[in-house]
Amino acid sequence: MIRRRLDRLFAACLGSLLAVAMQAPPARADVGDVTEYPITTPESFPAGITAGQDRALWFTESNADKIGRITTTGTVTEFAVPTESSFPFDITQGPDRALWFTEGAADKIGRITTAGAVTEFPLPVTGSFPTGITQGPDRALWFTESGTNKIGRMRPDGTVTEYAIPTPDSYPYHIAAGPGGVWFTELIAGRIGRVDLFGNVTEYPLPTGYEFPSDIAAGPGGMWFTASDQIGRITRSGTITLFPRPNPGGGADGITRGPDGNMWYADQYGHIGRITPTGEITEFPVAGGADKVPFNIATGPDQHVWFTELFGNAIGRVEALPGRGGGPNVTGPQPTPTGPRHKHPRRLLPCGTGTSPGAALFCR
């Protein structure tokens, strides 16, 4: 069972949240300042996060079979997913004002209205293990099937079409709309894929094949993706540039376009990062973040960036608008289109192709 695997793999570490001195006047928030909001359900392991049309953030609780909602002032509400041990993982805003999410262990795509009503749509193949999900340019829901090595497309009425990925056992992970269709990461194969609206799949190998691409999002000049200790960009024509992070360790995961026009990402080893269109990277530390594991990330309606803390059982917010300083750990643009083979880092991702899809997502 996914829940039992998670219980064995995790030791939830919710440290003390940042406190504010009772008598001190509130300081003006600067770029990179982090605020954290605990989730009511313990050991819920929040994973995916997205902004809803109700001006709140919505997130999945992968170990609690719940979908959470948090306002920009930090009020959390939780809604139960009907299927037990379904492993809700990624979530996206749909074309109908509702939020759509993957249920990997249940082989279902879920839909939740902003009022909290949940509908589930079963996929046609057992063991498909849907992981990432996005709204495509055709207003359909597109998702990765890490268990069957396919990309799925679901219309709002639940009708599903599937497209096979040419590279076997590629482990398609995250997916995002972009130029020419939808783009996705192939975690094990070390490739970036694109499927157009006719179902044609194109794959672009990364320089060594050992970059372990994770999340992907549209941004300046193409699609941006996290790749262990690097941040990558791929143009529509397939040109790839990699930028090394200032704190290497293989933890970069979620990525999103911020309100300032830069790309922001979550680093599992305890940072929130920002990269400019020219490749300048700044990483802001999250207090105790290596234990809390910043995981996925989204831009909120308040023009700041929000992220999930997988082990910290909390939702974090980082100030994204210009303030007093550039922050610590700044590195200039240093593109590395090629490079030596990278050692597989310690990260909460697959241990190997023989690992079951559910356990693999959080395998060390």
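The values are calculated or read from the model by the stated rules, or taken from the named source; none is laboratory data. Note that the coordinates shown come from a computational prediction; the quantities given were computed from them, not determined experimentally. Cβ sites come from the backbone with ideal geometry, for glycine too, and all protein chains shown count toward neighbours. Calculation scope for accessible area: heavy atoms of the full protein, side chains included, ligands and nucleic acids excluded. Shrake-Rupley method; radii C 1.70, N 1.55, O 1.52, S 1.80 Å.
Over the range 171-309, the reciprocal of the mean inverse Cα-Cα separation, the Kirkwood hydrodynamic radius, stands at 14.7 Å. For the residues 269, 171, a 1.4 Å probe over the protein chains yields an accessible-area ranking, largest first, of 269, 171.
Going by average Cβ density within 10 Å per residue, which order do the peptides 93-105, 74-86 take, highest to lowest? Before the final figure, lay out the partial values.
Working: 93-105: 22.3, 74-86: 15.5.
Answer by packing, highest mean first, reads 93-105, 74-86.
For the range 34-143, the square roots of the Cα gyration tensor eigenvalues, ordered a ≥ b ≥ c, give a/c of at least 1.5 with a/b no greater than b/c, which places it in the oblate category. If you stretched the chain out fully between residue 55 and residue 71, how much longer would it get, using 0.36 nm times the residue separation minus the C-alpha to C-alpha distance? Separation in residues times 0.36 nm, less the Cα-Cα distance, equals 5.0 nm. Overall dimensions of the range 147-233, expressed as equivalent-ellipsoid semi-axes from the Cα gyration tensor (√(5λ), whole Å, largest first), are 21, 15, 11. Between residue 204 and residue 303, what length comes free when the chain is fully extended (0.36 nm per residue of separation minus the Cα-Cα distance, one decimal in nm)? Using 0.36 nm per residue and subtracting the Cα-Cα distance, I get 32.3 nm.
The distance between label points at residue 30 and residue 125 comes to 5.2 nm (points 7 Å beyond Cα on the Cα→Cβ vector).
Spin-label model, residue 280 to residue 157: label points 7 Å out along the Cα-to-beta-carbon direction sit 5.2 nm apart.
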